[in-house]
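J.: One structure follows; several queries about it will come next.
The values are calculated or read from the model by the stated rules, or taken from the named source; none is laboratory data. These numbers were taken from a predicted model, which means no experiment stands behind them. Virtual Cβ from ideal backbone geometry, glycine too; neighbours counted across all protein chains shown. Note: accessible area is taken over every heavy atom of the protein model, side chains too, but ligands, DNA and RNA are not part of it. Shrake-Rupley method; radii C 1.70, N 1.55, O 1.52, S 1.80 Å.
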Amino acid sequence: MRRSKKRDYQDSRRLVRKKGRYQSALPPQQKRGWLGRFLLGLFLLAGFLLVVVIFINPLVMSLDLRQELVNNRQSSIIYDREGLPLANLHLPKRLYVPLSQIPVGLQQAFIVTEDARFYQHKGIDPRGILRALYEDLKAWRKVQGGSTITQQLVKNLFFSQQKSAIRKILEMAYALRIEAQYSKADILEMYLNNIYLGHGAWGIEAAALTYFGKHVTDLDQGESALLASLAKSPEYYSPFRNPEAARRRRNLVLSLLHKYNYLTREAMQRLQAETITTLAKPTNPYPGAYFNAWVIKYLAAETGWSEAYLKSGGLQIHTTLDRQRQNEAEAILRQLPSGGPDRWGVEQPQGALVALNPQNGQILALVGGRSYSSAQVNRATAIHRQPGSAIKPFLYTAALEAGFEPETEFVDQPLTISVNGLPWQPQNYDNQYRGVITLQQALEESVNTIAVQLVQEVGVRRVFDLTRKMGLTSLVEKGFLNDLGPAPLALGGLTKGVTLLELTGAYTPFANRGLYSQPFGVTRVLDSQGRVLYRRARSRRKQVIEPQTARLMTRMMTGVITKGTGIRANIGIPAAGKTGTTNQNTNGWFIGYTRDLLVGIWLGNDQVNQPLIVEGRPLGSGKAAELWGNFVKESHGEMVWSPSKK
């Protein structure tokens, strides 16, 4: 008997009553299989739609990737005195090198290590993806990546290191777009200039400087293989941290170069047997962060150009900075004892250093703090502090020009003078009185009572005018609070204070036969076509004191170092200088020079009234003098000088 269609349908949807509820009578396995297939289909459909949406996304298709990638080339670059790049201003910490200047062996090393089919694929390498998947499944863990060089470039330029499926799909879409817009040479050049290779080095030029202390153009094949080996895990394979792992990884790269016929077997074996030779420790490939920032502000004020144009106008900014001395200056400030961070998280105390060529005013080194990243205020150029006794050489210069001599005698004794109608009793730093002493001894031992008497003898106006003429332009002349008085001019209690660069520059006449050389750091600026947009005059110098006065002051300040308050600066070479300490020990200074090098150091806390004390021990001008001596010893080497006796 034929069953009706209705009965068949009822049978197929047969329900069984259990405990008052109806449940499907279909087998559980059949029910789960149907649901799984449905969810899988839904997932695949959603994935397909997601891929389609991303790959044909108008934002991806219309994105001007060419402009994004060219930004690096349009960035202005600051060069040191040797014409070598110091900093890329638009994208910090990239030192851009054209592909034509990158050794072919280094290019090959990166290609065989990171993307052997680089010249065959169009941004995505399906064969590479399948091979990586196979190796991962075989090892039951991720052992191989499938990203091409183009995908890695996309990740470095546009994405964070956080992994996700959507980011991976976008990475592929961008890679295809880049391959459609750029040649393989362009892509490889951008990749090599943007890859991170450890110890803060972005790009192969920075890495070459960090690991080998040389430029990428000077790398040999073994060194090139080492840099390529870092791409996978730069911190782990760093020869500074894991030399054995670095050696194994480098040798793997060399074997890959042989596999792809870029090296003979003999060359591979010879290079694999070589010991990895690097610097003793990573160098800083981006010295002069404070100096570079100052250069932009200086040029903006000097030319009227905007900071945006100066950073991204494709300019070539040539400076006076000496890279070696800059590295030494930054290392010297790292010798400063630490008292821990302040409430803003900035390590204290702070310090600053300026090194000049006193003959022409060229800035050779400039450091505005312990670390540019922690607090970007430039303590060498942007903050004004009381100079203390570091101002005394200007007073003594005025005295010599007025007819006094180093042997002129004064009496060191308790002193009371009237200041604005009120009695004032200057004190010596050691609370001692020496009786009759010469001006030479008074300067060597920084005797305050003699300095105050000297201002009165020479005249406030005469001292003020000469001090400003010699380069202290921050002196305040007008207003109720001003620097026309014995306290400011004798002891350095100025209304506004001075910057380290200003005070150091004002010492140039002592080291330069009475000629003031205005400090400067930029020699010329060229546009991207090599046309000169700005050129500074060779030097801006003027005679401000007599040559004989400069020689006498040098002789007097030599005594400060050999037997006076600056004795901690004495490193066995002839030099002259002066210490400076302010009330409550809040600032410590030392400004000193040889014939070819003038260096100023300031120490202090960012909190103006905070004393210089670390672990219960006071710091001050003595520590500044010690750091000065360390820097000059490193910087001068075998160069010595003795003051002229003419």
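J.: Hey, among the residues in segment 257-299 that are within 29 Å of Q324 (Cα to Cα) and hydroxyl-bearing (S, T, Y), which one's surrounded by the fewest Cβ atoms within 10 Å (Cβ to Cβ)?
T.: T275
J.: Here's another thing I want to ask about it. Whether any residue in segment 130-143 is under 34 Å from the mean Cα position of the chain (by Cα), at pLDDT below 90 and of a type outside the set (V, I, T) is what I want to check. Don't jump to the end; show me each part of the working.
T.: At the first step, the residues of segment 130-143 found to be under 34 Å from the mean Cα position of the chain (by Cα) are none.
No, the conditions are met nowhere in segment 130-143.
J.: Sticking with this one: When the residues of segment 325-376 are filtered to those that are surrounded by fewer than 19 Cβ atoms within 10 Å (Cβ to Cβ) and on the phi > 0 side of the Ramachandran plot, which remaining residue is modelled with the highest pLDDT?
T.: G340
J.: Which of the following residues is in contact with an Asp or Glu (Cβ under 9 Å, 6 or more places away or on another chain), on the phi < 0 side of the Ramachandran plot and of a type in the set (A, V, I, L, M, F, W, C): L321, L279? Give the steps one after another, and end with the answer.
T.: Details: L279 fails: in contact with an Asp or Glu (Cβ under 9 Å, 6 or more places away or on another chain).
After ruling out the rest, the residue left standing is L321.
J.: Continuing with this model, one more query. Can you name the residue in segment 499-536 that is more than 30 Å from E401 (Cα to Cα), out of contact with any Leu (no Cβ under 9 Å at 6 or more places or on another chain) and of a type outside the set (D, E, K, R) and, of all such residues, is modelled with the lowest pLDDT?
T.: Q529
J.: Give me a count of the residues in segment 458-501 that are in contact (Cβ under 8 Å) with a residue 24 or more places away in the chain and among the aromatic types (F, W, Y).
T.: 1
J.: Scan segment 531-584 for residues that are in a strand (DSSP E or B) and among the small types (G, A, S) and jot them down.
T.: Quick first cut of segment 531-584, residues in a strand (DSSP E or B) only: 532-535, 541-543, 576-581.
Matches in segment 531-584: A576, G577, G580.
J.: Take the residues of segment 563-604 that are touching a Pro at 6+ places or on another chain (Cβ under 7 Å) and open to solvent by 10 Å² or more (accessible area, probe 1.4 Å): which is farthest from G622 (Cα to Cα)?
T.: Top of the filtered list is P574.
J.: Within segment 495-530, count every residue that is over 20 Å from Y290 (Cβ atoms) and either in a strand (DSSP E or B) or open to solvent by less than 10 Å² (accessible area, probe 1.4 Å) (or both). Steps first, answer last, please.
T.: Going residue by residue through segment 495-530, those that are over 20 Å from Y290 (Cβ atoms) are 495-496, 506-517, 524, 526-530.
With either in a strand (DSSP E or B) or open to solvent by less than 10 Å² (accessible area, probe 1.4 Å) (or both) added as a condition, the list becomes 506-510, 512, 514-517, 524, 526.
Looking only at that region, the number is 12.
J.: A further question follows. Name the pairs: first residue in segment 412-424 and hydroxyl-bearing (S, T, Y), second residue surrounded by fewer than 14 Cβ atoms within 10 Å (Cβ to Cβ), Cβ to Cβ under 6 Å, at least 6 apart or on different chains?
T.: T416/P423; T416/Q425
J.: Hey, another quick one. What's the number of the only condition in (1) outside any helix (DSSP H, G or I); (2) open to solvent by less than 10 Å² (accessible area, probe 1.4 Å) that G200 fails to meet?
T.: Of (1) outside any helix (DSSP H, G or I); (2) open to solvent by less than 10 Å² (accessible area, probe 1.4 Å), only one is false for G200: (2).
J.: Another one. Residue check: is Y309 free of Cβ contacts under 8 Å to residues at least 60 places away in the same chain, among the hydroxyl-bearing types (S, T, Y) and assigned to a helix (DSSP H, G or I)?
T.: Values: free of Cβ contacts under 8 Å to residues at least 60 places away in the same chain: yes; among the hydroxyl-bearing types (S, T, Y): yes; assigned to a helix (DSSP H, G or I): yes.
Judged against the criteria, Y309 is a match.
J.: Let me ask another. Do we find a residue being open to solvent by less than 10 Å² (accessible area, probe 1.4 Å) and part of a helix (DSSP H, G or I) anywhere in segment 229-239? Steps first, answer last, please.
T.: The initial filter retains those residues of segment 229-239 that are open to solvent by less than 10 Å² (accessible area, probe 1.4 Å), namely 229-230, 238.
Those left that are additionally part of a helix (DSSP H, G or I): 229.
Looking through segment 229-239, at least one residue is open to solvent by less than 10 Å² (accessible area, probe 1.4 Å) and part of a helix (DSSP H, G or I).
J.: Something else about it: Has segment 431-444 got any residue that is crowded, with 21+ Cβ neighbours inside 10 Å, among the acidic types (D, E) and in contact (Cβ under 8 Å) with a residue 24 or more places away in the chain?
T.: yes
J.: Can you list the helices (runs of 4 or more DSSP H) found entirely within segment 392-482 that contain at least 2 residues being touching an Asp or Glu at 6+ places or on another chain (Cβ under 9 Å) and within 17 Å of T579 (Cα to Cα)? Please lay out each step first, then the result.
T.: Numbers: elements: 392-401, 439-444, 448-458, 460-469.
Fully inside segment 392-482 and qualifying: 439-444, 448-458.
J.: Taking the condition open to solvent by 10 Å² or more (accessible area, probe 1.4 Å), within 17 Å of L395 (Cα to Cα), of a type in the set (D, E, K, R) and modelled with pLDDT of 95 or more, does R551 pass?
T.: Values: open to solvent by 10 Å² or more (accessible area, probe 1.4 Å): yes; within 17 Å of L395 (Cα to Cα): yes; of a type in the set (D, E, K, R): yes; modelled with pLDDT of 95 or more: yes.
So R551 fits the description; yes.
J.: Among the numbered criteria (1) closer than 25 Å to E274 by Cα; (2) over 24 Å from the mean Cα position of the chain (by Cα); (3) open to solvent by 30 Å² or more (accessible area, probe 1.4 Å), which one does E223 miss?
T.: (3)
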